[in-house]
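Read the structure below first, then the notes.
The values are calculated or read from the model by the stated rules, or taken from the named source; none is laboratory data. Because the structure is a prediction, the values reported are computed rather than measured. Cβ placement follows ideal geometry from the backbone for every residue including glycine, while neighbour counts extend to all protein chains displayed.
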Amino acid sequence: MKKNSKPSGFSTRAIHAGQEPDLETGAVSPPIYPTSTYVQQAIGKNKGYEYARVSNPTRTRLEKNLAALEGGIASRVFASGMAAINAITTMYKSGDHVVCGNNLYGGTPRLFTQVLAGHGIEFAYVDTSGVEGVKNVERALRKNTRMVFVETPTNPLMALSDIQAIARVCHRRSTAELVVDNTFMSPYFQQPLALGADMVVHSTTKFLNGHSDGLGGVVVCTKPEQIEQLSFVQKAAGAILSPFECWLILRGVKTLAVRMEQHDSSGRIVAKFLAGHKKVKRVFYPGLPDHPQYALAKRQMSGFGSMISFEAGSLSNANKMLKKVRICSLAESLGGVETLISHPATMTHAAVGKKGRKEIGITDGMVRISVGIENVEDIIADLDQALHAI
């Protein structure tokens, strides 16, 4: 690759953007910089780094890499996905209005409703999925709406929002920016910024890291003022990502394309298996033709991914099944190389409350799977034997 050339292919960007060999030693894998401070040449003169809370060379590499993958002008990383979402909300003030999808990861409405609403930011929750979802967003917008926040696909119901259509609605109101949580699809299968979104957020803990061994979050931006604010928040609030965590994500991202291809391939097979299983009442997966937004999924995403939810029928059935899994690990989180299986009502969405879960359709019998990259025949055999416990 020429020194000044810009890589265009996704896998090439994943491996090379921000990940150039170390200039001093030629090391193909750039070193981790665990330093807390930097020697300055003189008063007011430094080599671009002065204190690790403000910036770090390993963090700089990761931020360049993730911005390149999402097609943004720059990105800023934080200590967790929730810290990244919280950093976005510092752009708003008391009296501002935010429109949110009504089916988000449980920690997001917990932050919005139980923390930020107490500081005067008002949140409205609407169903943003499908054609009607675009209309719901438009009806919810006000003169003081500053952000529309959507997850697509949603966690755990796998409902899709039309990013391009919602972006058009937002941009007719110059004050409303569209922020998309792209964690479930990763930038490999979905590019919200190319569809008109203003910012993209990820829990890097999930597919970007890919190995269930580190927490993190990122915001990818389209405007200099967004980056300026997020850089200030890194410095002022300090919820930064450590150099080692940055390195783990840089390492994980190198294999993102091949991992996502396997996740997607196995996800489709497992979803089809579950859809035909007599003990399964319903399957939620955008790659199944009977999914309400199947046509949107094919248009908006380049793959269907590995996140699947299904209905076991009752809490008792879900509990019996989850006690029997052996290869699938009963655990929170997702996006790792191993298959993780969870119970949204008591795990990821416990904070939403029984009434809130009922309103959006999360039942006590719902089970969510993050299909890993093990042999798919082994995953299916494990799910089959566990389902026969019902």
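Quick notes on this one:
- A single member of ARG13, ARG76, ARG61 is among the basic types (Lys, Arg), closer than 20 Å to ASP198 by Cβ and modelled with pLDDT of 95 or more, and it is ARG76.
- Some residue of the range 118-139 being modelled with pLDDT under 95, over 20 Å from GLN293 (Cβ atoms) and not in a loop (DSSP other than H, G, I, E, B): yes
- Counting only helices (runs of 4 or more DSSP H) that sit completely within the range 313-390, those holding 1 or more residues that are touching a strand residue (DSSP E or B) at 6+ places or on another chain (Cβ under 7 Å) and surrounded by 15 or more Cβ atoms within 10 Å (Cβ to Cβ) correspond to 315-324.
- Only one entry of PHE310, PHE304, PHE273 meets the criterion of being in a strand (DSSP E or B) and either in contact (Cβ under 8 Å) with a residue 60 or more places away in the chain or surrounded by 15 or more Cβ atoms within 10 Å (Cβ to Cβ) (or both), and that entry is PHE310.
- Conditions (1) assigned to a strand (DSSP E or B); (2) of a type in the set (Val, Ile, Thr); (3) within 21 Å of ILE163 (Cα to Cα); number of the one not met by THR108: (1)
- Among the residues of the range 288-306, just one is touching a strand residue (DSSP E or B) at 6+ places or on another chain (Cβ under 9 Å) and within 18 Å of GLY335 (Cβ to Cβ), namely SER306.
- The combined condition, being over 17 Å from GLU70 (Cα atoms) and under 17 Å from the mean Cα position of the chain (by Cα), is not fulfilled by LEU141.
- Number of the condition not met by PRO243 [criteria: (1) in contact with a Ser or Thr (Cβ under 7 Å, 6 or more places away or on another chain); (2) within 28 Å of GLY196 (Cα to Cα)]: (2)
- Just one residue in the set VAL218, VAL169, VAL180, VAL233 is of a type outside the set (D, E, K, R), farther than 19 Å from ALA257 by Cα and touching a residue at least 60 places away in the same chain (Cβ under 8 Å); that residue is VAL233.
- Restricted to the range 36-69, and to residues there that are under 30 Å from LEU256 (Cα atoms) and charged (D, E, K, R), the residue that is surrounded by the most Cβ atoms within 10 Å (Cβ to Cβ) is GLU63.
- Neighbours by Cβ (under 6 Å, 6+ apart or cross-chain): first from the range 108-121, touching a residue at least 60 places away in the same chain (Cβ under 8 Å); second of a type outside the set (Asp, Glu): ARG110/ALA351
- The one condition in (1) touching a helix residue (DSSP H, G or I) at 6+ places or on another chain (Cβ under 6 Å); (2) assigned to a loop (DSSP other than H, G, I, E, B) that VAL283 fails to fulfil: (2)
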